[in-house]
Amino acid sequence: MTSLIEQSLNEIWSFTLGRKDIGENDNFFALGGDSLLALATIEQIKQRLGWNLSLGDLLRYPTIRELATDGSQLQVANQERAIIRMSNRGSKIPIIFIHPVSGLVFAYSKLVQRLGHDRGCYGIQPLALANVERLQTIQDIAEHYANLIYDDFGEEDFHLVGWSLGGLIGYEIAKKAADKGLNLRKLVLIDSYIWEVPIIKWDEAALLLDLRNDLLAQVATNNKELGATSEGAGPPSAIQQITVALFGQARSQRNSSIAFVERLIQTYRANIRALVEYRPTAKPTHGLLLHVSENDSIETWHKLSAGKLTASTIAGSHYGLLQDQHATTIAALIENYLLGKEELNHVVRND
C-alpha cells in the first residue's frame, strides 16, 4: 500500500538521490545518501510535507516506510500559514498553485517537479485544514487569498495556476489583482468548470465517495488494494479509505490522522457548496484555459472573460490530468505560455 506520504517521500528521495528505483524499505544512506544530500532531502520534506526534521531523525528512520510510520509528527497543513513553498527559489517568475476542491495542494506535485526548476513554486491551501477559518464563497476565498499573496509577495511578479476549483479562485483573484496592487503576470486554469445549476441535492454518502475517488485519482492511482468503491459503500467505509489513502494503513487509526480527515471532509463540503453556488461576474481577463473535451463551460468562460481567455483542449479525464501520463504535456504547455513562446500555438488547439 502506497500512501500519499510514502509517495511524496519517494518522489523527494528520487529527486535528491538522482534515481528512480527506490523501494519503501531501502536505506537512504545505503542508496548513496550523504550528509549534504540528507540536508537537501530534509529541506524538500519541509517544503512538501511541512515536517521539521533533523539529520538525526533521518539517521533513526532511514527508510521511507520507517519515516512515514514513525519518523515525525505529521503536519499536512501548515499550522501558521496558508501559503507553503513547494520548490526552491530560482531566477524565473514564481508560480502560485491554488488548491482544488479537496483542499490539498499535493495534487500539483507532478507539475511542481516539472515546472520548479530554477523557479519558486508555492501552494495555497485552506486555513480550515489547520482548523483556523472556513470561508463560504469563492469571492470571499479569493479576497482572502489575494491579501495573503500581497502579504507574502508584495509587488513581486508571480503567476497563478489553478486546477478545478483552484481555477475559479484564480479567476476571481485575477479580476481584483490590479486593485490589490498584485503583479499577476499570467493566469492558467486547468479544466475549471462553472456549475450552472440552481441548487444541490445534498447526499453525504455520495459526497464522501466523490472525495474518496478524487483523492485516489490524485495520489493513489497505483493502490490496487483499494480498487473502485461501489455506490453502495457507506460513509464509514469511505472515511476509512480516505484516511488509509492519505496516511497509510499503519497511521490510519491515529487520532491525529482521523482528526485531519474530519477537517478535510468539512473543507470539501464547504468547497463543494461554494462551487455550486458560484455565480461569477464578467470582466475582461487574460489567461489560458486548458480543458478536457467533456468540459461544457467553455462558452461561459469566453463570455465572462470577454474573449480574453485562450481555451485549448487537452487529452485526458478531469481527475487524472495531473498524473504522470498527462503532467509532462500540461507542464510544457504552461511553461510555453508563461514564457510567451510561439510554440504554444503549434501544440495547443484553440477552440
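Per-structure values
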| quantity | calculated |
| --- | --- |
| Exposure proxy ranking, count of Cβ atoms within 10 Å, fewest first, for Lys303, Lys186 | Lys303, Lys186 |
| Per-selection Kirkwood Rh - region 4-71 (Cα, Å, 1 d.p.) | 11.5 |
| Phi-based couplings in Hz for region 316-332 (Karplus 6.51, -1.76, 1.60; Gly and Pro marked x) | x, 10, 3, 7, x, 4, 9, 7, 3, 5, 10, 4, 5, 5, 5, 4, 5 |
| Within straight-line cross-link reach of Lys176, lysines at Cα separation under 27 Å, skipping those fewer than 8 residues along the same chain | Lys92, Lys186, Lys283, Lys303, Lys308, Lys341 |
| Taking His291, His144, His117 and counting other C-beta atoms within 10 Å, the order from fewest to most | His117, His144, His291 |
| Cβ-based exposure ranking for Arg254, Arg212, in which fewest neighbours within 10 Å come first | Arg254, Arg212 |
| Cut-off under 5 Å, modelled amide H: who pairs with Ala311 long-range | Leu289, Asp351 |
| Phi to ³J(HN,Hα) by Karplus 6.51 cos²θ - 1.76 cosθ + 1.60 over region 7-17, Hz, x for Gly, Pro | 4, 5, 5, 4, 5, 5, 4, 4, 5, 6, 8 |
| In Hz, Karplus ³J(HN,Hα) per residue of region 177-193 (6.51, -1.76, 1.60; θ = phi - 60°; x = Gly, Pro) | 4, 5, 5, 8, x, 8, 9, 6, 8, 9, 10, 10, 10, 10, 6, 8, 9 |
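Read the figures in this text as sums done on the coordinates, not as results from a lab. None of the values given here were measured: they were computed from a predicted structure. Quick reminder, even Gly has a Cβ in these numbers, built from the backbone with ideal geometry, and neighbours come from all protein chains shown.
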